[in-house]
Amino acid sequence: VQLQAYGGGLVQAGGSLRLSCPVSEFAFSNYHMGWFRQAPGKEREFVAAISWSGGTTYYADSVKGRFTISRDNAKNTVYLQMNSLKPEDTAVYYCAARTSIVHVTATRGYAYWGQGTLVTVSS
């Protein structure tokens, strides 16, 4: 199973982007979804996660108040709205899916991962 993240690109600092990750190969509404990112030379890090129902969300401190994760179970898609982007947000962004809500901030435990999309924020 492969997921694919869309919506990356080049944006100036202070700008916005909206990432999306449509799912077609598994029962989307049964999975909690997460977004991670990996900058050059750095470890992959947690960005945000959302429960299967959309009722609970989690954010890394570095993006809290600027990024919003959401999902549309009718469209089998998870989104990441990114506002007030900073150069340090530059990274490849990945979506991922898991069945357990425990430890959603850890990369371990995600069953499916998407092909990443590059976000570049210029200063």
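The values are calculated or read from the model by the stated rules, or taken from the named source; none is laboratory data. All figures in this text were calculated on a predicted structure; none of them were measured in a lab. In this analysis, Cβ positions are derived from the backbone assuming ideal geometry, glycine residues included, and neighbour counts consider all displayed protein chains. All accessible areas refer to the heavy atoms of the entire protein, side chains included, with ligands and DNA or RNA removed. Shrake-Rupley method; radii C 1.70, N 1.55, O 1.52, S 1.80 Å.
Would you mind working out the magnitude of the charge dipole of the chain relative to its Cα centre, with +1 at each Lys and Arg C-beta and -1 at each Asp and Glu C-beta, to the nearest 20 Debye?
60 debye
Contour minus end-to-end for Gln12 and Tyr112, with contour as 0.36 nm per residue of separation and end-to-end as the Cα-Cα distance?
32.9 nm
What length, rounded to one decimal in nm, is gained on full extension from Asn73 through to Ser100, with 0.36 nm per residue of separation minus their alpha-carbon distance?
Computed gain between Asn73 and Ser100 is 8.0 nm.
Which whole-number percent of Cα pairs in the chain have a distance greater than 17 Å?
For the chain, the share of Cα pairs beyond 17 Å comes to 50 percent.
Suppose R0 equals 35 Å; then what is the FRET efficiency for Asn30 and Ser84 from their Cβ-Cβ distance, rounded to the nearest 0.05?
Given R0 = 35 Å and the Cβ-Cβ separation, E is 0.60.
Under the Karplus relation 6.51 cos²θ - 1.76 cosθ + 1.60, θ = phi - 60°, what is the ordered set of whole-Hz ³J(HN,Hα) values for segment 70-87, x standing for Gly and Pro?
Karplus-based 3J(HN,Hα) across segment 70-87 equals 8, 8, 10, 5, 6, 9, 6, 9, 10, 10, 9, 8, 10, 10, 6, 5, 10, x Hz.
May I ask you to evaluate 6.51 cos²θ - 1.76 cosθ + 1.60, the Karplus curve with θ = phi - 60°, for each residue of segment 36-52 and list the ³J(HN,Hα) values in order in whole Hz, giving x for glycine and proline?
Once rounded to whole Hz, the list reads 10, 9, 9, 8, x, x, 10, 6, 5, 10, 5, 10, 7, 8, 9, 5, 4.
Just to confirm, what accessible area per residue do you get for the chain at 1.4 Å probe, in whole Å²?
That works out to 50 Å² per residue.
Quick check: pseudo-label points 7 Å beyond the Cα along Cα→Cβ at Ala60 and Ala39, how many nm apart are they?
0.9 nm
Give me the percent relative contact order of the chain, please, defined on Cα pairs under 8 angstrom at least 6 residues apart.
This gives 37 percent for the chain.
Summarise the accessible area of the chain (1.4 Å probe, protein heavy atoms) by the percent that is carbon and sulfur.
Carbon and sulfur atoms account for 47 percent of the accessible area of the chain.
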